């Protein structure tokens, strides 16, 4: 083995052994098939002459050198490829800095896209209302509210959105029970009217007819029967004027539900000191007397007072707060009423005598 062969890599040595083996097989084959001699020295079949066969050893050495040359070439190509890749990385891209430009343009692009899709939506069938629903209504029917809104299937959605406030106000104006109306749009073409109604507050008895009063003080003009009054278990105001009803409801709605539930009947009991004095019959058997104008201020003290007394009691809140058995309190009121009647009768008699004396004096003077 030559000095050059000793420097071969393991792969090159295997390749050299393989080629020497092939050359030996080719020589053996040539002897069998003389005068024609052939060998496989490459992937292509070649016919060799005797002269070339003699130089077979030299060819193998040259092929080994060719392998080394190919490896050198491959190494050089790999170095060139790495240089090209590094040049590609360092060379500025044509898209360099485009990110900053896009950030500046995104508002305009978004606005343009919004206009485009809005235009498509406006000319499509989806821009016509497809469905209208009503929710939250308990006393007013959905059909009546839909008619009041004047919204019809096929109306333009943008037109409805532009008149949204007017539609809400129209519904509220036609239905006294309705406290709030919120018209909502649901994509793609549906609308919903969310209704909130005033609660039932009290009843008022006027001219032997009973009417329902809402929590805003509005009196429903349709009379109700006694059965409905008993079922709803709401207080009944006896012969209150419309103004007095509204004043009572404003104060009544500020009370706690537990206290409101105790009140069953309310009557007017004016005194010389309090013209707006009223009596509230309670379901626990007691009666509270308080000025109408001071209900919200004084009536919240009643629960703590009721715990300290045994019914039936009258809790008087005209001047301070004091309690008295109901029978004794009513007896005192009767005595006061009799005394006032006697006093009034005496004053009338006195005035009559004075008037008679004045008339007689006038007649004497005339004569």
Residue set 208, 131; condition closer than 30 Å to residue 239 by Cβ and outside the structural domain of residue 280 (by TED's automatic domain parsing); output residue 208
Going through the stretch 319-339 in order, the residues found to be touching a residue at least 24 places away in the same chain (Cβ under 8 Å) and more than 13 Å from residue 287 (Cβ to Cβ) are 319
Per the list (1) exposed (fewer than 12 other Cβ atoms within 10 Å of the Cβ); (2) within 57 Å of the chain's Cα centre (by Cα), residue check on residue 341 breaks on (2)
Of (1) farther than 23 Å from residue 253 by Cα; (2) in a loop (DSSP other than H, G, I, E, B), residue 176 fails just (1)
Just one listed residue, out of 243, 258, is over 20 Å from residue 316 (Cα atoms), assigned by TED's automatic domain parsing to the domain that holds residue 313 and surrounded by fewer than 19 Cβ atoms within 10 Å (Cβ to Cβ), and it is 258
Against the definition (farther than 16 Å from residue 201 by Cβ and under 39 Å from the mean Cα position of the chain (by Cα)), how does residue 294 come out, yes or no? no
query: Looking at the stretch 319-332, is at least one residue within 54 Å of the chain's Cα centre (by Cα), part of a helix (DSSP H, G or I) and closer than 24 Å to residue 292 by Cα?
result: yes
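The values are calculated or read from the model by the stated rules, or taken from the named source; none is laboratory data. On a predicted model such as this, the values are computed, not experimentally measured, just so you know. Neighbour counts run over all protein chains shown; Cβ positions are idealised from the backbone, glycine included.
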